[in-house]
1. What does the extension gain come out to for His181 and Val64, with contour length at 0.36 nm per residue minus their alpha carbon separation?
2. Once you list every other residue whose beta carbon is under 11 Å from the beta carbon of Asn204, what net charge do they have if Lys and Arg are +1 and Asp and Glu are -1?
3. By the scheme Lys and Arg +1, Asp and Glu -1, what is the net charge of all other residues having a beta-carbon under 12 Å from that of Leu148?
Amino acid sequence: MSGRPPLPDAGQNAGPDGTRKVIFERGDPRDPRATALLNASHALMQALFPPEDNFFLSIDALCVPGIHFFIARQGDGYLGCAALAERRDSVANRSAGNGADRAGAPEPESAAVDASDSAPDLAAPYGELKSMYVAETARGLGVAAGLLQALETTARSLNLKSLKLETGDSLTAAQRLYARHGFEICGPFGAYDDIPTSVFMSKNLA
């Protein structure tokens, strides 16, 4: 028994009509099926935003301590993915400039929250949503909502006080999804700069 909180739809493999349910669970970014989703996400961002406004989340950056990677699958097929990074801002971090990516990638060595750090300029820990992507063929099945629920469940189990994210200004469908799930527009956070193509959102978990 892992002691981790249950995730949505994780208990059964088939619904009452015999169709396979979508399972939400922790995954490995290095699994070829997960890597394919991430590569598709990167290609979409390349098509939508100029290079200077695109900062790809590497596979290695998803595998460091303090980052929780989830996949949605139906049988052996991967439908989507998302990640949660444990974060905590400080005065130094906030003034350091843009060191994060569109999906919110922290530098690998600083991804995890150090619970023993009691410096007075540290803000409350929060979770940053990153690498949210649903395969085009799986859209409309509730995959994104399920991934969001899995990330929020994990954040609450870690006693994180809020969820934050950065998304593109032209990704209006994503912004509507986040708004439906309680996210509101906020200012830049972490190492992000306030650039025209960025939209920042947050959700209070307290």
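1. That pair, His181 and Val64, stretches by 39.4 nm at full extension.
2. With Lys, Arg at +1 and Asp, Glu at -1, the net is +2.
3. Here the count lands on +1.
Taken together, the values in this text are just the output of simple stated rules run on the coordinates, not laboratory data. Bear in mind that the values here come from a model prediction, so they are computed numbers and not experimental data. Quick reminder, even Gly has a Cβ in these numbers, built from the backbone with ideal geometry, and neighbours come from all protein chains shown.
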